[in-house]
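The structure appears below as structure tokens.
The values are calculated or read from the model by the stated rules, or taken from the named source; none is laboratory data. Since this is a predicted model, take the numbers as computed values, not measurements. As a convention, Cβ positions derive from the backbone with ideal geometry for all residues, glycine included, and neighbour counts pool all protein chains shown.
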Amino acid sequence: MHGDVHVRFGGRAGETDRRKRRHRAPVRPDTEGRSDEGRSAVFCIVDHATGEAVVDASPRMDRLAAADLLREACTERFGSVERAVASGLALRYDGGPCFRSAHYQAEIDHLGIARSPAYHYEPETNGCVEKFIQTLKEQVLWIERFPTHEQLRLRVRAFARTYNREWVIERHGFLTPLEARERVLRQMAVG
């Protein structure tokens, strides 16, 4: 993650601030998957600068599940969840109660992430994650059946890996999210 990260069960990333080399990543918890065991909340984080997605499904839609995915993304990108490990990153999130909770806000503060809340009832302000969620629904959640919550969870995570590795994004010059990440890292190393 490089700059702004959008978090939501669907949501859009904010604009890149080129002067500060920051980007937003969206998070959204209003997407759900279904298995024979019941409903599951699907949480997504999309890096605005690269389009990379980190996804998880949880049997609960609460602040703890939302914070778990944020910590997982930070561990994957920065190697830890130490204090201020993600400073310079801005997080765009929707107005869901799990993201407004004191627990989630404390996690954002601990990680050193700047807040960039999306406007209420305006999903277009969190569009990158909203577009990813729509794709996830069309490719997985609306067409596949899952006997267990764990199978749903494994499938959405597998889809995110495939998406990051193979899905080309027009706004990045028809690069995959992983290729876009490599380009951003090269640009940061030069500049």
Given (1) surrounded by 21 or more Cβ atoms within 10 Å (Cβ to Cβ); (2) more than 30 Å from Glu37 (Cβ to Cβ); (3) touching a strand residue (DSSP E or B) at 6+ places or on another chain (Cβ under 6 Å), index of the condition Pro177 fails
(3)
Is it the case that Arg39 is surrounded by fewer than 19 Cβ atoms within 10 Å (Cβ to Cβ), more than 19 Å from Lys131 (Cβ to Cβ) and of a type in the set (Lys, Arg)?
yes
Anything in the range 81-109 that is of a type in the set (A, V, I, L, M, F, W, C) and without any contact (Cβ under 8 Å) to a residue 60 or more places away in the chain? List them, or say none.
Val81, Ala84, Val85, Ala102, Ala106, Ile108
Could you please find all residues in the range 69-87 being assigned to a loop (DSSP other than H, G, I, E, B), crowded, with 16+ Cβ neighbours inside 10 Å and either over 15 Å from the mean Cα position of the chain (by Cα) or among the basic types (Lys, Arg) (or both)?
Val81, Val85
Going by the structure shown, is Val42 β-branched (Val, Ile, Thr) and touching a His at 6+ places or on another chain (Cβ under 6 Å)?
no
Within the range 155-170, can you find the residues that are over 30 Å from Glu37 (Cα atoms), free of Cβ contacts under 8 Å to residues at least 24 places away in the same chain and among the β-branched types (Val, Ile, Thr)?
Val168
What number goes with the only condition from (1) under 27 Å from Leu154 (Cβ atoms); (2) assigned to a loop (DSSP other than H, G, I, E, B); (3) among the small types (Gly, Ala, Ser); (4) touching a residue at least 12 places away in the same chain (Cβ under 8 Å) that Ala66 does not pass?
(2)
Going by the structure shown, is Tyr93 at positive phi and modelled with pLDDT under 90?
no
Select from the range 134-154 the residues that are in contact (Cβ under 8 Å) with a residue 12 or more places away in the chain, surrounded by 14 or more Cβ atoms within 10 Å (Cβ to Cβ) and more than 16 Å from the chain's Cα centre (by Cα) and list them in ascending order.
Gln139, Val140, Leu141, Phe146, His149, Gln151, Leu152
